[in-house]
Amino acid sequence: MTITGGGGARRWRLGSVGGTPVYLAPSWLLVAAVLTLLFLPTVQLAAPRLSTPVAVLAATSFPVLLFASVLAHELAHGGAAKALGLPVREYVLTFWGGHTSFGSDLRSPGDSALVSAAGPLANGVLAVVGWGLLRVVEPGLPAVILASLTYTNAIVAVFNLLPGSPLDGGRILEALVWKITGDRDTGAIGAGWVGRVLAVVIVAWFLLVPLVQGRQPSLTGAAWAAVIGYLVWSGASQSIRLGRARRSAAGFDLRPLLRPAQVVDVRASVAAVPAAPWGVAPPAIVLVDPAGGVVGVADPAALAAVPGPARPSTPLTAVARALPATAGVTALQGSAALGQIARGIGASDVLVAVSEHGVLGVVPRDVLLAALQRPAQ
């Protein structure tokens, strides 16, 4: 077991399945402890002759088997994705369940629906298997544990199929809207709004149903309703933000922001850079290697400071600064361009747009930031 800090959060690597790493968040231990304490009275009722240490040990079987159920849920997502030829980066089991990260976006509504449905389907299969085993298992502690896991898997399967983000049913709804409208972002935003309604319904169900029946809502039930409702609301809101962000990104175009650039061999001297006509702003000087790869950009002030007689003997690299690989942008439109820009401006104050035909132009960081902030004003 190794401990990593991916994304700023500590987690334990348990191993890998099919070449994909499986991580466990330390917060899951808190869930295991709480579930053990909640299940302990059931164990003691089913097997009153067990000593307390043995009863506690038996109660831990419930979170362990639940862990296996959640893992099966995530592995089903990953297995469906791999069957479709999509890479799976990692499986992570967390405080409230787990998630599966993919190496690329799902390509079609059908792929998205299939991958989303695979998780609840796995829990449904486990519930059916458990139901069948209950018919042959003798009454006692094993039957109690098996029954708890059977019903838990059934509940997880049904709950995850509710049609609202961030649940799997919400992603299926997103895929359906995507298929009908041809717009994935509309699906994400719509599933997010349904998820918000679902969050309100969950809270209302736990709080209002007891009142309608003439009972006071329990403190435990109210707490669970608040937590689950908050998580569903937060996930649904994130889906709405993501859909809106992708929609905004779809209209982004880097080309109007590009400034002219002159390409010069990195082995050349300063004399290879011709003086710009009077009154005309000089283009940016981009240095490329013999293979055409961008390696640097000349500093205008340093270039202008080289006296005329010294220009033929001054290497261009003396007045240039190297550019990191992320400074080269190959995507010019949409979210792909924004993704490359986000990586590039963190390491360089100027980005170079390139294509299969060569350098297209440059854009300073401040120009990019101003353009990206403009829609929010």
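The values are calculated or read from the model by the stated rules, or taken from the named source; none is laboratory data. What you see is a predicted model; the values in this text were computed from it and never measured. Here Cβ is always computed from backbone atoms with ideal geometry, including for glycine, and neighbour counts include all displayed protein chains. Each accessible area value is taken on the protein alone, full model and side chains, heavy atoms only, with ligands, DNA and RNA left out. Shrake-Rupley method; radii C 1.70, N 1.55, O 1.52, S 1.80 Å.
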(message) Using amide H atoms built in the peptide plane, which far-off residues or other-chain residues are under 5 Å from GLY361 H to H?
(response) ALA353
(request) Kindly provide the trypsin sites (Lys or Arg not before Pro) of the stretch 181-226 that DSSP labels as loop, not H, G, I, E or B, and whose Cβ sees at most 16 other Cβ atoms within 10 Å. (result) ARG215
(message) I'd like the Karplus ³J(HN,Hα) series for the stretch 177-194: coefficients 6.51, -1.76, 1.60, θ = phi - 60°, whole numbers in Hz, and an x wherever there's a Gly or Pro.
(response) 5, 4, 5, 6, 8, x, 10, 5, 5, 4, x, 5, 5, x, 5, x, 5, 5
(request) Please give the per residue accessible area of the stretch 33-111, computed with a probe of 1.4 Å over protein heavy atoms only, in Å². (result) 50
(request) Quick one: among PRO48, PRO120, PRO163, which has the greatest mean-square fluctuation in a GNM of the chain with alpha-carbon springs under 10 angstrom? (result) PRO48
(request) Report, by chain and number, residues whose modeled amide H sits under 5 Å from the one on SER269, excluding near sequence neighbours (fewer than 5 apart, same chain). (result) LEU316
(request) Read through the labelled values [x] 1.01; [y] 1.39; [z] 1.20 and report the label of the one computed as Cα Rg over 2.2 N^0.38 Å from the structure. (result) [y]
(request) May I ask you to evaluate 6.51 cos²θ - 1.76 cosθ + 1.60, the Karplus curve with θ = phi - 60°, for each residue of the stretch 60-71 and list the ³J(HN,Hα) values in order in whole Hz, giving x for glycine and proline? (result) 5, 5, 5, x, 5, 5, 5, 4, 4, 5, 5, 4
(request) Hey, for a label at LEU30 modelled as a point 7 Å past Cα toward Cβ, could you say which residues of the stretch 64-99 have their backbone N under 17 Å away? (result) 93-98
(request) Can you find, among VAL227, GLY296, THR186, the residue farthest towards the positive end of the dipole of the stretch 167-297? Put +1 on the C-beta of Lys and Arg, -1 on that of Asp and Glu. (result) VAL227
(request) Calculate what fraction, in whole %, of the accessible area of the chain sits on carbon and sulfur atoms when a 1.4 Å probe is rolled over the protein chains. (result) 67
(message) Give me the extension gain from ALA302 to ALA250: residue separation times 0.36 nm, minus the current Cα-Cα distance, reported in nm with one decimal.
(response) 14.9 nm
(request) Quick one: net charge around GLY195, please, counting Lys, Arg +1 and Asp, Glu -1 for every other residue with C-beta under 15 Å from its C-beta. (result) +2
